[in-house]
Amino acid sequence: MSFAATRDARRLILARALRGLGDGFTSVYLAAYLKLLGFSAFQIGAIVTAMLVGSAVLTLAVGLISHRIGLHRVLLIAALLMAATGAGFASVTNFWLLFFIAFVGTMNPSAGDVSLFLPTEQAILAGEVRAADRTSLFARYSLAGSLFGAFGALMSGIPAALVNTGWDLQLALRAGFVFYGVLGLIILWLYRGMPKAKAQSAPRKGPPLQKSRGIVMRLTALFALDSFGGGFVIDSLLVLWLFLRFEFSLQTIGVVFFVARLLSSLSQLVSPRLAARFGLINTMVFTHIPANVFLVLAAFMPSAPWAVAFLLLRMAFSSMDVPARQAYVMTVVPPEERAAAASVTNVPRSLASAASPLIAGLLLQASAFGWPLVLGGLLKITYDLLLLIQFRNVRPADGQ
C-alpha cells in the first residue's frame, strides 16, 4: 500500500471511519437498549430486520437512479439522513415508531456498512486509483471502518460507566444515539469539501446497467446467499446470544467486540498481498471458509471463554475477503456502471439477510443454544464453494 491516496479518497476513508465508529457502539448496545425498553427477542429481531430491509430498498433505489442525480448529491442526502436517524432513536420509545425509523434510517445492526453510503463511495473510490492499486485502496477504506468500529464497540461500555456516576441508563444510551447523529453532520461537512467528486459524478442519461448486467446478476445471487447466512449472526444478535447463553455484562461484551473488530481490521491489511499472489476470488474463498468453520464451532462451546475464543478466531479471518470483493466488483464492470453495480451487489447484504434476524430471534427465544451460528456458518460456507466454482476462471481486466 505504497501509493498516495487523493484528497477526495482521504475524505471518503475518514467518513467511512466515522460511520464505523457510530455503527460500532450503537450495534453493540442496540439490543441492550431495546431490551431495556421492554421489547421481546422477537421484537428486537423485527427492528433489526426493518433496518436491513429499509437499507436494501433505499440502497437499490438510489443506486439505480444515482447516475441521474449525481453521486456527490447522494452522499449529501445520506449524511443528512444519518443525522436524522440518530435524533429519532434518541427521542422515540414506541415500538412501531422505532420500527419505522429503523426502516427509513441509516443505522446498522452490525459494524459492517450496509447503507446507501457504501456503493456510492465505492464507485467514487474506484476511479481515484489505477486498477493495480484498487485492492489496496479498498483495504484502507475497509480498515478504517472496521478499526473505528472496534473503538466504537469499546465505547459501548461508556453508558454503563455513566450509570455509576448517577446517570439513568436509558438516558445514557440515548446520548449515544445523539452522538451518532452528530457524526452524520460531521460527515456532511466532509462530503461538502469534495469538489472533484462533484465534478466527476455529474448526472448522465441511459440505463444504469447494460454491459455488465450478466455478471452483476450472477454475483448478486451469490452475495444474497452469503448475506442470508450472515443475517443469522449480525452483531446485535450475537450480543443477544451472549446475553442469553452466558449472561455477559454490557461492558464485557464491549471489550469482546473491541478485540473482535480489531482482529478483523488488522486482517484486512493482509488482503492486498494475498490477492496479488493468489487472485481476488481465491483470497475471498480461502479466507472465508475457515472463518465460518470457527463460527459453527463457537455454538457448541460449553463455556464462555471457549465460545469467545472461537468467535475471535472467526473475526481474524472473516473480513479478509472484503477488500478483494469490493475490488473485484469494481474491476469487472465499466466505470460508468460502477455505482449501479455496487448498489445492486451490496443490496443483498441487507435485503437477503432481512429474514434471518427474525428467524434467529425466534430460535433464541426458544433456546439459548447457538442455532443461528450453526445455520449462518453453513450457509456462508455453501456460498464460498459456489463462488469458487462459478468465478475461479473469470478474471478481472487487470489479471488479478
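The values are calculated or read from the model by the stated rules, or taken from the named source; none is laboratory data. Computed from a predicted model, the values in this text were never measured in an experiment. Heads up, the Cβs are rebuilt from the backbone with ideal geometry, glycines too, and the neighbour counts pull from every protein chain shown.
Annotations
- Against the test of being in contact with a Gly (Cβ under 6 Å, 6 or more places away or on another chain), of a type in the set (A, V, I, L, M, F, W, C) and over 29 Å from residue 65 (Cα atoms), the options 313, 379 yield a single qualifying residue, 379.
- Taken over region 22-33, the criterion of being hydrophobic (A, V, I, L, M, F, W, C) and buried (at least 24 other Cβ atoms within 10 Å of the Cβ) is satisfied by 25, 28, 30, 31.
- Filter pass, residue 303 being over 30 Å from residue 120 (Cβ atoms) and either over 21 Å from the mean Cα position of the chain (by Cα) or surrounded by 24 or more Cβ atoms within 10 Å (Cβ to Cβ) (or both): yes
- Taken over region 260-287, residues that are buried (at least 21 other Cβ atoms within 10 Å of the Cβ), under 18 Å from residue 235 (Cβ atoms) and not hydroxyl-bearing (Ser, Thr, Tyr) amount to 3.
- Of the residues making up region 108-122, those that are modelled with pLDDT of 65 or more and in contact with a Ser or Thr (Cβ under 8 Å, 6 or more places away or on another chain) number 9.
- Filter result for residue 29 (over 20 Å from the mean Cα position of the chain (by Cα) and either more than 15 Å from residue 115 (Cβ to Cβ) or modelled with pLDDT of 80 or more (or both)): no
- Those residues of region 364-383 which are buried (at least 22 other Cβ atoms within 10 Å of the Cβ) and out of contact with any Leu (no Cβ under 8 Å at 6 or more places or on another chain), in sequence order: 370
- Hey, residue 391 over 25 Å from residue 268 (Cα atoms) and modelled with pLDDT of 85 or more or not: no
- If you go through region 192-222 and pick out every residue that is surrounded by fewer than 14 Cβ atoms within 10 Å (Cβ to Cβ), assigned to a helix (DSSP H, G or I) and at pLDDT below 75, you end up with 2.
- Residues (over 22 Å from residue 315 (Cα atoms) and under 17 Å from the mean Cα position of the chain (by Cα)) located in region 355-392: 355
- Residues located in region 157-166, provided they are in contact (Cβ under 8 Å) with a residue 24 or more places away in the chain and assigned to a loop (DSSP other than H, G, I, E, B): 157
- Hits in region 317-339 (condition: surrounded by fewer than 20 Cβ atoms within 10 Å (Cβ to Cβ) and either assigned to a helix (DSSP H, G or I) or modelled with pLDDT of 95 or more (or both)): 331, 335, 336
- Flag for residue 130 being free of Cβ contacts under 8 Å to residues at least 60 places away in the same chain and within 20 Å of residue 322 (Cα to Cα): yes
- Every residue from region 223-248 that is in contact with a helix residue (DSSP H, G or I) (Cβ under 8 Å, 6 or more places away or on another chain), modelled with pLDDT under 85 and acidic (Asp, Glu): 235
- In region 123-156, of all residues being outside any helix (DSSP H, G or I) and surrounded by fewer than 23 Cβ atoms within 10 Å (Cβ to Cβ), the one that is farthest from the chain's Cα centre (by Cα) corresponds to 130.
- Checking 185, 171 one by one, the residue that is modelled with pLDDT of 80 or more, closer than 30 Å to residue 263 by Cα and among the aliphatic types (A, V, I, L, M) is 185 and no other.
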